[in-house]
Amino acid sequence: MSTNTFTKAAMLILLTGIVSGCKKKIEFTYTEVEAAVQNITTSVTATGTIEPVTSVDVGTQVSGIVSKLYVDYNSVVKAGQVIAELDRTNLMSELSSAQANLKSSQSELDYQKTNYERFKTLYDKGLISANDYEQARLSYIKAQQDVTNKRESVKKAQTNLGYATITSPIDGVVLKKEVEEGQTVASSFNTPTLFTIAQDLTDMRVIADVDEADIGEVKEGQRVSFTVDAFPNDTFQGAVTQVRQQPTTESNVVTYEVVISAPNQDLKLKPGLTANVNIYTLEMEGVLAIPSKALRFKPSEAMLNDGETITDIESRLKVWTKEGPNLKAIAVQTGVTNGTLVQVTGGLQAGTKVITDVQSNAEEMEGEQQQNSNPFMPRPRNRNNNNDKKKN
């Protein structure tokens with residue numbers, strides 16, 4: 001085939017594509033959604049840590065060597081149950097010394113009392129000076145005070161001896177054991193922790209860190225659902241019991257602690273697990289709702305098909321419906337929204353279809369025209385043309 005013949009064929013194909021493209025018109029189709037009764041919810045997400053509602057660190061107020069341990073990790077204990085004992089040798093020695101000092105002070109008191117009574121008799125008869133009498137009375141008072149002090153020392157030594165026996169302050173389960181038999185504990189500066197006991201593992205809680213942008217929506221009593229990595233297929237339920245006012249700032253991020261109840265009857269939840277929390281800040285059940293984007297839709301003359309018309313109204317809030325070839329605006333009253341759905345409190349009935357979006361075939365037509373107008377696009381071979389070429 002000559003060059004001129006090829007050029008004429010290409011031009012013919014181009015003109016044919018343009019003519020055939022001009023015969024098609026842009027058509028618009030509308031996306032319609034029915035107003036329906038459904039639930040509207042909003043939630044705040046956060047992460048937190050599971051912990052017992054009540055846990056107690058059990059320590060000792062005296063120093064000494066741990067002589068006996070009666071519990072271990074996960075041991076179930078009762079209030080008042082002996083869980084450990086310290087060596088009592090030094091404590092008993094201190095008690096004996098305090099008791100001996102008390103006896104000595106008591107003997108001194110008896111002497112000073114007798115001496116005071118003798119000096120008082122002599123003073124009343126005018127046989128001694130007032131100064132000697134006052135000196136005897138003062139010595140008697142000091143002896144009384146010394147006996148009182150020595151009695152308190154004995155009580156303190158007895159109390160310390162009692163502290164050598166460590167008992168559980170609550171009913172619960174031992175979560176942590178910090179000491180072993182033979183270990184020395186010193187309470188000189190602070191109380192050393194021996195055990196941590198959780199009161200009731202069936203009653204847990206989640207301490208969640210909520211971002212400052214979301215904390216304003218969180219209130220006590222709101223429903224909460226959460227999951228833990230240990231049981232990915234289980235969803236646990238709880239409720240907000242406290243919103244703490246103390247902020248925490250870390251890396252310029254401000255969060256607030258929210259306390260969430262976490263019933264744990266099956267004991268799946270363990271202290272220290274990380275919880276992925278959803279706090280439902282809004283829950284509306286069984287309300288008439290439409291997609292929020294229906295309120296943002298606004299038709300124009302440019303998006304009408306042949307024969308279609310627009311009937312508009314003056315209203316701040318309105319949605320559009322399609323009645324035959326007519327796009328009609330309807331005024332509505334709205335309630336709460338979660339960004340995706342909006343509650344309709346008036347103007348619409350369930351089942352009414354509202355327009356949320358519009359699409360056209362413009363892009364499809366543009367693609368077809370570009371394909372038809374390009375003579376270099378590959379095309380299906382024509383059997384007749386192939387036969388003509390063979391004849392030539």
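Read-outs throughout are calculated quantities, based only on the coordinates presented, and are distinct from any laboratory measurement. Small disclaimer: the values here were computed from a predicted structure and weren't measured. Neighbour counts run over all protein chains shown; Cβ positions are idealised from the backbone, glycine included.
Just report the Cα centroid separation between region 213-230 and region 264-315, whole Å. If you average the Cα positions of each part, the centres end up 20 Å apart.
Neighbours of Asn160 by Cβ distance under 11 Å: Lys/Arg scored +1, Asp/Glu scored -1, total +2.
Would you mind putting 268-275, 104-111 in packing order, based on average other-beta-carbon counts within 10 Å, highest first?
Going from most to least packed, we get 268-275, 104-111.
Calculated translational diffusion coefficient of region 141-186 (4 °C, 1.567 mPa s; Stokes-Einstein with Kirkwood radius over alpha-carbon pairs) equals 92 µm²/s. Less than 5 angstrom separates the built amide H of Ser292 from those of Leu341, Val342, all sequence-distant by 5 or more or on a different chain.
Positive end of the dipole of the chain (Cβ unit charges, origin at the Cα centre): among Asn115, Val173, Asn90, the Cα lying farthest that way belongs to Val173.
Could you give the DSSP H helices of the chain that reach 27 angstrom or more along their long axis (alpha carbon positions) and whose average Kyte-Doolittle hydropathy is no lower than 0.5?
Taking the DSSP H segments of the chain (at least 27 Å long, mean hydropathy at least 0.5), we get 3-23.
Placing a pseudo-label 7 Å from each Cα along the Cα-to-Cβ vector at Ala36 and Thr227 gives an inter-label distance of 2.4 nm. Over all Cα atoms in the chain, the spread is summed up by Rg and Dmax: 45.4, 168 Å. Computed over the chain, relative contact order equals 27 percent, with contacts defined as Cα pairs under 8 Å that lie 6+ residues apart. A simple charge model with +1 on the Cβ of Lys and Arg, -1 on the Cβ of Asp and Glu and nothing else charged puts the dipole of the chain at about 1000 debye relative to its Cα centre. A protection proxy built from the mean count of other Cβ atoms within 10 Å ranks the segments 163-171, 204-212, 324-332, most packed first, as 204-212, 163-171, 324-332. Residue farthest toward the positive end of the dipole of region 268-335, with Cβ of Lys/Arg at +1 and Asp/Glu at -1: which of Met303, Asn276, Gly335? The one lying farthest along the dipole's positive direction is Asn276.
Per-residue 3J(HN,Hα) values for region 308-315, derived from phi via the Karplus relation 6.51 cos²θ - 1.76 cosθ + 1.60 with θ = phi - 60°, read 8, 10, 10, 10, 9, 9, 8, 7 Hz in sequence order (x marks Gly and Pro).
Residues whose amide H comes within less than 5 Å of that of Gly59, counting only those at least five positions distant or on another chain, are Leu194 (H built at 1.01 Å from N in the peptide plane).
For region 234-313, a crude dipole built from +1 on the beta carbon of Lys and Arg and -1 on the beta carbon of Asp and Glu, taken about the Cα centre, is about 420 debye to the nearest 20.
Across region 51-61, coupling constants 3J(HN,Hα) worked out from phi with the 6.51/-1.76/1.60 Karplus curve, θ = phi - 60°, read 8, x, 5, 10, 9, 10, 8, 9, x, 9, 9 Hz, and Gly and Pro carry x. 3J(HN,Hα) along region 231-243, derived from phi through the Karplus expression 6.51 cos²θ - 1.76 cosθ + 1.60 where θ = phi - 60°, amounts to 9, x, 8, 9, 10, 9, 10, x, 8, 6, 10, 7, 10 Hz, with x in place of Gly and Pro.
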